[in-house]
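Heads up, the thing below is written out as structure tokens.
The values are calculated or read from the model by the stated rules, or taken from the named source; none is laboratory data. Model, not experiment: these values are computed from the prediction. In this analysis, Cβ positions are derived from the backbone assuming ideal geometry, glycine residues included, and neighbour counts consider all displayed protein chains.
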Amino acid sequence: MRRLIISIILTLLLTVWAKGLYFTGDGFDWKLFVIIITLSYMICYKLVQYLAQFKIVENNSRIDIVFVVCIIAFMFVPILRIDRGQISVQENRTLAEYKPLIKDGLVNYSFGKDFENWFNDRFFGRKFFIDTNSAVNWFINKKLKNQRAMAGKDNWLFTKRWNSVEMFQNKYLYSDDELQEIKKNIEGLQAWLAKRNTRFYIMLVPDKERVYGEFYPKGFEKVNKQAKIEQLYAFIRQHTTVPVIYVYDALMEAKKQHIVYYKTGTHWNHRGAYAGYKALFGRLKKDFPSLHIMTEDEFDIVPKLEADVDIASALDIDAYKIFPKEDMTYDVFRVKNPRAEGKHTYLEKEKKIETFDYVSSDPAKKLKAVFYADSMFLRMNWYVAESFKRMQHIYVGYGRDYDLPFMGQDIRDIAPDIFVLETGERFLDRLLKIEVPEVE
């Protein structure tokens, strides 16, 4: 009787302890609750029975019993608290979603695997174990790599996602058919914008390894002399009338005085973004002489311990703990007298479309612009807005394709003078998938 009562008490405690499992983001999962409380009772009853035998039959001391109980209790620590977030900032990815055993009357036969993926992404202490493991590995051999990233020379980290390694090696070039498809797509968009008196431009941003290839790990030889982005840049210039701005030369010039990409991330830093900004706006100003280009005197530029760490996170490294401060400190730009005010809006959560909309209080500003751009543009959108009466940044991050038909009405409503399509090197193939909004 005593064992039964103790088992019931332990079962209740364990069920309360595990509440993070059956209180999911979708509410209370009573089916999972029944499974947990049943398994908990069976485990607790067997445990009490084992401990009694451990004490009486095998004649072990109380210290031995306490030790065994502590070890068993430690096994349940991961369920103390479940991470309910949707995105892992550390790893720059979406966490696995909880999928119930039974939904809408249908049995999920992959429940075991789905639950394992969900739990592995969210258990208590996960970040601590990852950071500890990475710190030990880095301390021992200084050569970290996995399927997503790798360490290069002098604490430079490089991604392996999005075919970045093959891109660095110039392994694949566009076929003639693919180049013609891109030509058709951008000329179609150019014609659609021209009907609205909007000038169209393309901005190409090289990947970090294109600019800092000297720090890339050994063993990745170039397959072709020409890079895919260089091939595309030359083709657009020679075979279309669409102005294309490839900011490589501007970055290489700025690199002589400053680091222009984060060592621990895939993105350019504020210095790199400003170099790209000047290259882009220098071209825009040829068509719009009144366009204002921000000078360094209009910014407060302060070194700050602030870095992009998406590659470090992919390597399961806490970069701020492992790398010296000088590798994590970069110049940060702040506009001294901002006149543009903006808001961030999630237009479509399923398509993951979001916008940054800015309006300037400066009456001298007359131009309007739309920038359909990825995360590279996030390092400059707030001061790009200072040059326009109204500016919209349609954000196309995480490698997503442009969704121009969905955004067509927004673009028509804004009636921009300037439309810039920007893409990072690793996402060039977006240009193969451009769909022009329907002609109304």
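When you scan segment 369-391, do you find a residue that is over 17 Å from residue 276 (Cβ atoms), assigned by TED's automatic domain parsing to the domain that holds residue 247, modelled with pLDDT under 95 and not in a helix (DSSP H, G or I), even just one? Within segment 369-391, none of the residues are over 17 Å from residue 276 (Cβ atoms), assigned by TED's automatic domain parsing to the domain that holds residue 247, modelled with pLDDT under 95 and not in a helix (DSSP H, G or I). Pull up segment 381-434, narrow it to residues that are among the polar types (S, T, N, Q) and surrounded by 17 or more Cβ atoms within 10 Å (Cβ to Cβ), then point me to the one that is nearest to residue 334 (Cα to Cα). By that ranking, first place goes to 381. Among the numbered conditions (1) closer than 16 Å to residue 284 by Cβ; (2) of a type outside the set (S, T, N, Q); (3) without any contact (Cβ under 8 Å) to a residue 40 or more places away in the chain, the only one that residue 380 does not meet is (3). When residue 286 is tested against (1) of a type in the set (Lys, Arg); (2) surrounded by fewer than 18 Cβ atoms within 10 Å (Cβ to Cβ); (3) more than 25 Å from residue 199 (Cβ to Cβ), only condition (3) is not met.
Only one of the numbered conditions (1) free of Cβ contacts under 8 Å to residues at least 40 places away in the same chain; (2) over 28 Å from residue 183 (Cβ atoms); (3) out of contact with any Pro (no Cβ under 7 Å at 6 or more places or on another chain) is violated by residue 329, and that is (3).
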